[in-house]
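Engineer: Pasting in a structure now, in structure tokens, and then I'll have a few things to ask.
The values are calculated or read from the model by the stated rules, or taken from the named source; none is laboratory data. Because the structure is a prediction, the values reported are computed rather than measured. Don't worry about glycine lacking a Cβ; one is built from the backbone with ideal geometry, like all the others, and counts go over all protein chains shown.
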Amino acid sequence: MVRKGRMTFDESVTQFIKEHSLIHPRMRLVAGVSGGADSMALILYLLRQRGEWALKLAVCSVNHGLRGAAGKEDLDFVAAFCRKHDISFYGRTVNVPLYMKETKMGGETAARQLRYRMFAEAVRLFQADALVLAHHGDDQIETMLMGEVRGNVGLSRAGIPVSRPFAGRALIRPFLSQTKAALETYCAEHGIHPRSDTTNESDKYTRNRFRKQILPFLKQENPSVHLKFQYASERIADDERFLMEMAAQRLDGVVAERKSCQINLSVPDLLRSALPLQRRILHLILSYLYKSKKMQSEHHSIHIEQLLRLMCSDRPSGTVFLPGGLMARKSYERCLIGFFTPCAAQPYDVALRVPGKTSFAVGTIDAQFISEKLSVRAERTGPECFIADYHCLEKPLRVRTRLPGDRMWPSGMAGSQKVQRLFINHKIDRRQREIWPLVVDGKDHVLWLPYIRRGRIPTPATPNSDSKYLKLTYTPTADLGGQTHEGRSQ
């Protein structure tokens, strides 16, 4: 028998279940079983406990329609096992390729969504108390490491939870203290020959690369590394819940005004909180504004740090663009975070008042002359600013929408680039490219794309002692909605 110290596999899993109060006598359980070693070990373990704990068992198995005949054979294999052992069986076949086409999702995400939908149906039909899945300690390591690489925030940093609500019931994972090797050995000892899925070997999938390249090194350093990660997972979850509760209590004192798609917060009140709470308050705000689970999962630590830099900046105003068209606008002691009504995609072409303020469809540009001392390191200015020697510029200056064939000579780069390519590289939404401001000179050369790139300015052949420097500052008044993040434009 597989042993954990002096315990058998069954004893080790049972201890984990009792420590976390996962299964109680007379429960009705649905196990998700694919036919692979992990899930076959799970149903085998539950079978061995069925009599002692008076359990009512059912199995849900899902064919994703991705592997042709092999997928159907997996389903038949699990069905035969259930018939042999008198277990209620819910077999389902779904069309993942079609669902991917309809939803524009990736294969892994689409398959997971449909699979869990079928699990929820089986839980309802069987009137189960819980869904049981076979995620194990190696899965936990991979999940936590992938999350750190992505920059996960909040509870997602804890990886796979031991239990969580699901379909009005619970989802439990009793194998998180076990390794993949232990599950395979458990199956072999009881004469079970699991099905194999060739996609688990493909380097096309991120998880497989972590499994094949990183996991062996960690296990070589410490064969019990899965227990260390599981301990860390549970501690991170405990700490995160505590800190999020504190952040939630402080949230009302920070938010000055709340709407369904916008939150206006007090910057001083936010900054008076401890830094760990500042991050979590912003996490709560983003989670509130991003309504879909997909968008909630796509805001990462980098976005919270961008917001913090905006709040802590000495500049009285500033703007940060976040995924999905979310924008944060700071103005003195207030910061408005939300979705703003996009400006209609109508072309414009407006001459800039120099000096002075020029308002146009999607914002305002403030032009002012500054001293040479302030202009020496122009690259230190924010992405909303542009500085150049006024005598080197062809007048008049204008701000306009893009035209077919527009090109730019970016500062610090050899050669020119199409404005269209710059928009693509910075992930600017198609509809927003039509209203994004371009500052051009008297010869219609593109000098500046606010928040994206500064253009190269000619240097005069002879120094001009009468030089004066022009600073342009752009303030948006409509949502440009791109994926551009706060940073230094070049």
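Engineer: With respect to the numbered conditions (1) in the same structural domain as residue 14 (by TED's automatic domain parsing); (2) assigned to a helix (DSSP H, G or I); (3) surrounded by fewer than 16 Cβ atoms within 10 Å (Cβ to Cβ); (4) not aromatic (Phe, Trp, Tyr), which one is the sole condition not fulfilled by residue 241?
Structural biologist: The single condition residue 241 does not satisfy is (1).
Engineer: Only one of 68, 106, 51 is surrounded by fewer than 19 Cβ atoms within 10 Å (Cβ to Cβ) and closer than 21 Å to residue 23 by Cβ; which?
Structural biologist: Residue meeting the stated conditions: 51.
Engineer: When you look at residue 227, is it in contact with a helix residue (DSSP H, G or I) (Cβ under 9 Å, 6 or more places away or on another chain), part of a helix (DSSP H, G or I), modelled with pLDDT of 95 or more and not assigned by TED's automatic domain parsing to the domain that holds residue 334, yes or no?
Structural biologist: Taking the combined requirement at face value, the residue satisfies it.
Engineer: Being out of contact with any Phe, Trp or Tyr (no Cβ under 9 Å at 6 or more places or on another chain), among the hydroxyl-bearing types (Ser, Thr, Tyr) and either over 19 Å from residue 156 (Cβ atoms) or crowded, with 16+ Cβ neighbours inside 10 Å (or both) is the requirement here; does residue 317 meet it?
Structural biologist: When the stated conditions are applied, residue 317 does not pass them.
Engineer: Working only within region 412-441, note down all residues that are in contact (Cβ under 8 Å) with a residue 60 or more places away in the chain and either crowded, with 17+ Cβ neighbours inside 10 Å or more than 14 Å from residue 454 (Cα to Cα) (or both).
Structural biologist: Once the filter is applied, which keeps residues that are in contact (Cβ under 8 Å) with a residue 60 or more places away in the chain and either crowded, with 17+ Cβ neighbours inside 10 Å or more than 14 Å from residue 454 (Cα to Cα) (or both), region 412-441 yields 429, 431, 432, 434, 435, 436, 437, 439.
Engineer: Looking at region 381-396, which of its residues are part of a strand (DSSP E or B) and of a type in the set (A, V, I, L, M, F, W, C)?
Structural biologist: If the condition is that a residue be part of a strand (DSSP E or B) and of a type in the set (A, V, I, L, M, F, W, C), then 385, 386, 387, 388 are the ones that fit.
Engineer: Is it the case that residue 196 is within 30 Å of residue 66 (Cα to Cα) and at pLDDT below 90?
Structural biologist: Criteria met by residue 196.
Engineer: Before we move on, is residue 168 at pLDDT 90 or above, out of contact with any Lys or Arg (no Cβ under 7 Å at 6 or more places or on another chain), over 18 Å from residue 39 (Cβ atoms) and not assigned by TED's automatic domain parsing to the domain that holds residue 17?
Structural biologist: So residue 168 passes the test.
Engineer: Follow-up question, since we're still on this one. Might you let me know whether region 368-379 holds any residue that is modelled with pLDDT of 90 or more, surrounded by 14 or more Cβ atoms within 10 Å (Cβ to Cβ) and within 17 Å of residue 441 (Cα to Cα)? Talk me through it step by step, then tell me what you get.
Structural biologist: So the first thing to find is which residues in region 368-379 are modelled with pLDDT of 90 or more, and the list is 368-369.
Next, only the ones that are surrounded by 14 or more Cβ atoms within 10 Å (Cβ to Cβ) stay: none.
No, region 368-379 contains no residue that is modelled with pLDDT of 90 or more, surrounded by 14 or more Cβ atoms within 10 Å (Cβ to Cβ) and within 17 Å of residue 441 (Cα to Cα).
Engineer: Here's another thing I want to ask about it. On the given criteria, is residue 268 farther than 30 Å from residue 113 by Cα, outside any strand (DSSP E or B), touching an Asp or Glu at 6+ places or on another chain (Cβ under 8 Å) and touching a residue at least 24 places away in the same chain (Cβ under 8 Å)?
Structural biologist: Working: farther than 30 Å from residue 113 by Cα: yes; outside any strand (DSSP E or B): yes; touching an Asp or Glu at 6+ places or on another chain (Cβ under 8 Å): yes; touching a residue at least 24 places away in the same chain (Cβ under 8 Å): yes.
For residue 268, the condition - farther than 30 Å from residue 113 by Cα, outside any strand (DSSP E or B), touching an Asp or Glu at 6+ places or on another chain (Cβ under 8 Å) and touching a residue at least 24 places away in the same chain (Cβ under 8 Å) - is met.
Engineer: All but one of (1) in contact with a strand residue (DSSP E or B) (Cβ under 7 Å, 6 or more places away or on another chain); (2) over 18 Å from residue 170 (Cβ atoms); (3) surrounded by fewer than 21 Cβ atoms within 10 Å (Cβ to Cβ); (4) of a type outside the set (Gly, Ala, Ser) hold for residue 62, so report the exception by its number.
Structural biologist: Unmet condition: (3).
Engineer: Shifting gears a bit: Among the β-branched types (Val, Ile, Thr), in the same structural domain as residue 179 (by TED's automatic domain parsing) and in contact (Cβ under 8 Å) with a residue 24 or more places away in the chain - does that describe any residue in region 48-59?
Structural biologist: Within region 48-59, one or more residues are among the β-branched types (Val, Ile, Thr), in the same structural domain as residue 179 (by TED's automatic domain parsing) and in contact (Cβ under 8 Å) with a residue 24 or more places away in the chain.
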